[in-house]
Every structure is written in C-alpha cells, then in structure tokens.
1. Given the convex hull over the Cα atoms of chain B, what projected area results after averaging over all orientations, in nm²?
2. Quick one: grab Rg to one decimal and Dmax as a whole number for the protein assembly as shown, Cα atoms only, in Å.
3. Helix-derived [θ] at 222 nm for chain A: sum -39500 (n - 2.57) over DSSP H runs of at least 4, divide by residue count, nearest 500?
4. Would you mind finding the longest exposed-site-free stretch of chain A, with exposed GluC sites (Glu not before Pro) meaning DSSP loop and at most 15 other Cβ atoms within 10 Å?
5. Please work out the C-alpha center-to-center distance from the range A:157-175 to the range B:231-288 and express it in whole Å.
6. Compare B:SER22, B:SER155, B:SER267 in a GNM of chain B, Cα atoms joined below 10 Å, and give the one with the largest fluctuation.
7. When chain B is modelled as a GNM with alpha-carbon springs shorter than 10 Å, which of B:ILE151, B:ILE106, B:ILE231 fluctuates the most?
8. Let me have the 222 nm mean residue ellipticity of chain B computed from DSSP H runs of 4+ only, each contributing -39500 (n - 2.57), with the sum over all residues rounded to the nearest 500.
Amino acid sequence: MSELCLEFENLTLGYSGHPAVHHLSGSVACGGLTAVVGANGSGKSTLMKGIAGILKPLGGRCKARYRRLAYLPQQSEVDRSFPARVIDLVSLGFWQRHGLLGRPTAADREELATVLETVGLTGFEKRPLDSLSGGQFQRALFARAMLQNADLILLDEPFNAVDTRTMKDLVALIKQWGAEDRAVLCVLHDHSLVREHFPQTMLLAREVIAWGPTKEALTAENLLRARQFQEAWDEKAPWCEPGPPKADGGISADIEKVRAHV
Amino acid sequence: MFESVFGPFIQYGFMQRAVIGSLLLSVSCAPVGVFLMLRRMSLTGDAMSHAILPGAALGFLLFGLDIIPMTIGGLIVGLVVAMGAGAVSRFTIQKEDASMAAFYLISLALGVLLVSWRGSSVDLMHVLFGSVLALNNAALTLIVIISLSTILALSVFWRALVAECLDPLFLRSVSRIGAPVHFLFLTLVVLNLVGGFQALGTLLSVGLMMLPAAAARFWTNQVPPMCFIAIAIAAASSLAGLLLSYHASLPSGPAIILSAGAIYILSTVAGRRGVLRNAFSSRRHKTA
C-alpha cells in the first residue's frame, strides 16, 4: 500500500507554452481511489494525458511505476462507424497480455464473458458498435479496462451520458478496483459522489489548490479558491522562470516509466 | 461458351500471364484497399498513384521501358511522399489529407516536368495506363513478391491495423506499435500501387484497390469477410475485364476497372446494406 505509484516533480503540462497544469508536485500511492476535481480548464484531462504519456511535459517530471496502465479518455477516439462488434472492442483489452500475435485462449473467452456480465452487457457480444447507446458504449469501455488488468487506472469523466443505475454499477466496480490495490485516478464533477466514495481528492485550478483526504480537500473555502482562477490564457503573461533551481536543470523533462518486472 | 471464356487463357501465353498477374494483384490490393477505406483514406491511394509518377518517369527516361528501374523509381518516390505526408501529420497539427495533397501535388508536377522534358505523350500514356497484356516475366515475378509480402504483412500486423483504425488513442496508451504500423501500411499501399502500374498504369492501379473495397462495404459489417469479399470482387473484375478486352478489343486496364465499377454500382443498389434494401426494408419490428 505504501509504495508510490506516481510521483510528480514540479510537473508542468500545457499547450503552446501556456501551462494547463502548473508546477505540480506530490505522489499517489499504489492502490486506492483518488478523485481529481476542478472547474473546466483547470487541467484535469491534461494531467491524465500527461500521466498516460500522450502529452510531453513542458517542465518537471512525472515518474510512473506501473506494470499496466488503463486510460479511459474523456472523448474516446473510437471510430463508432468502424465495422466492429462489441467483443472486438472489448478484446482490445487483452493487448498488454497477448501483444500483437498471441491467440486468445478458452480462459480468455471466459474472462471476456465475465467482464461483459459485470458491466451488464451480456447478450451484446455481437452487436455492432454503431448500435450502442452512449451509456452502453461507456460500459463496453469499462469492460475493456477490466480486461487490461491494470494497476494504474485513469478515468476521465467516466460517467458522462451514463444513467444512475449504470453509474452505481460502475462506481461499485471502481471501488472494487481500489480494494484490489489498484491505483485509480478519476476525474469527476459530482462533489457528492466524490465525498461518498473517494477517500483522496486532488483539487485543481491549474495549480493544486488542495490534495489530501477528501474531507480536508473539498472544504467550502478551497472550492471558492478553485473557482476564482483565471481560465483564459494571458498572451502577455511573463515567462515563468524557475524559482528554486531544478534538480537536473530541466534537461530531461520527460516522462520516465520505471516498469517493474512482471 | 466454354471456348469463349477459357479459350483465350488456354491458347495464349500473354493471356495466361495477364490472368495470373491480375489475380495476384487482386489478392493483395483488395485488403489494402479495405483498410484504406476504413481509415477514411480512400483518396490517399489515388494521391499516391499520382505521386509515384516522377519515379516511374525517371526510370523510364533513363532505362527505357524496363520494369525494374521504373518500379524502383516509383517505389522510392512513393515512399518519400508517404513518409513525408505521414510524418507531417504525426508531428504537426496538420491532418494527413492536407499533407498528402501537398506532397503528391509537388511530386506530380515534378513527374509531368520530367516526362515533358524528355519524352513524348505516347511515353506518358504508357506510364499512366500500362498494359496487363504486356506483362513480362520480370513484372510477373515482381507482382508475386509484392503480393506475397503484402499478405504476410497483413496477417502478422492484422490486430494492430484493426486497433489503429478502431481506437488509435487506446493503442497509443498500451503500445508503441501504432506509428510503425501506420508507416508499414503506407509502404504496403505504395508497394501495391507500384506492383499494379505495369499491368494497369499508375492511374488505374488504384482502381483495383479501392473499387472492390468500396463495393464490399455494402455486403458485410465485419472486417475479415469484407476483405475476402473485396478479393473475390477484384478477381471477378480482373477475369471479366480481361475477357472483355480480348473479345471486344478494348484496352485491358480500363476494361478491368470498369468491370469493378459495374460491380460497385450493383453493390450500392442491391447489396445487403445497399439502397434497395434501405428503401424497401420491411417495417415489421420485433417486440424487444
């Protein structure tokens, strides 16, 4: 439990030189649920992309120690018109296990059936993707994340277009992931949901406003401070010079993955 | 009937070579076309077929009507254009359609310049339209190599190709194979176009790639059957086109592509997912 899964060292992520996540430092333990909360444009999705290695940092470092990563983006880039069935999409979750050439085994097929049952998609196996509703599609993506058997799971607003019943099912699944010692970072807007289910919260407004036990992070005062940040870019903003000198002079500003041996 | 269908292929060596060449091209071009279509890059094949012109023309100008230099020239220029366009779209904000248009236009203009600089319009016609009836052994060997390596590459990288089409962001989050597979795929496109240009010409070789794929989309909603249907359509068009060309003394390239075009029109109208089925589908529905 006490081992660190993610370490941010003065991490700055952004676009065209403007920071979206500014000088973030801190760490996430292996195992457990962390909610990432903040207004629109506060850097939540950017942080997810940074951790997933899709966005290169402008400065600082993000050290990620995981065997497998599952990332559910806010807007998945799945081509819904692609002629594929639900199982074709969900089976992509076997990628990290089988790679390019491995054949799925009988046990895999059983596992596939189990995850589809867990997310309530039994009977949808052969349905074409373009016939799924938004919520059913989201459940299929969760099923794929389950198959990935990841120890670091990034969920970016996973409950968009999801009804209450499905949301309850999916929250139960996320809590089970937490109990299985997987680290889950989940971007959410529903504060009551966060208070009820997520022990840790990171409140972002480009910079970290509060990060710690949810009760201490989501105070009225902190939420007010989070609302007051300036969302628009300031074209005339001065360059941010590093105050404290960086350990490595900022040369190796890159994602560093330390993969444990499996 | 038997005589008019099989006679030409039994009697004449050039018809045998033509049929072997075009059937082999069908097997490798059609699945490549299916993936081009599924990635919404249907016009990329067309752009690439223009782009290989300067390479083919240079080979033609330096070595005459010899398949090897023309092919190597076309291959090199095609790869440069594909890699350039692919790299611009991967590493800048520009999408691949725009970068591809830019690169192929530069290449096409160079090609026309080369041909007009030293050559006549007859030479240009030859490069542009080729002739399947003039396939020599070198060209046929080349087609065999290209189609075998295409099938091998497609079957090895099948899963990555599908994943890259279906959910590129997911593939990027679990593997670094996305970019190499994309470039490999563009290489296959160029290889198949180059393989087809002696038989069909640079402009028409893309027809055997895209028309069967586009037609197959009207018959199924799964990728593997779509590839097989596309191959069958391409093979049928090749045979029909060759026979048409033989009996009606038509140029072989256009005859093959027009046969594929006829199957495409037929599929849009009568296919399982075609116009008629849409218009006259039963309004009966189930209770759940």
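Derivation of every value follows stated rules applied to the coordinates shown; laboratory data play no part. The structure displayed is predicted, hence computed values, not measured ones. Virtual Cβ from ideal backbone geometry, glycine too; neighbours counted across all protein chains shown.
1. Spelled out: convex hull of the Cα atoms, projected over all directions, averaged, 18.3 nm².
2. My reading of the Cα-based Rg and Dmax gives 28.1, 92 Å.
3. After summing the helix terms and dividing by the residues of chain A, the value is -9000 deg cm²/dmol.
4. Segment A:4-76 is the longest.
5. Between the Cα centre of the range A:157-175 and that of the range B:231-288, the gap is 46 Å.
6. The residue that fluctuates most here is B:SER155.
7. B:ILE106
8. -27000 deg cm²/dmol
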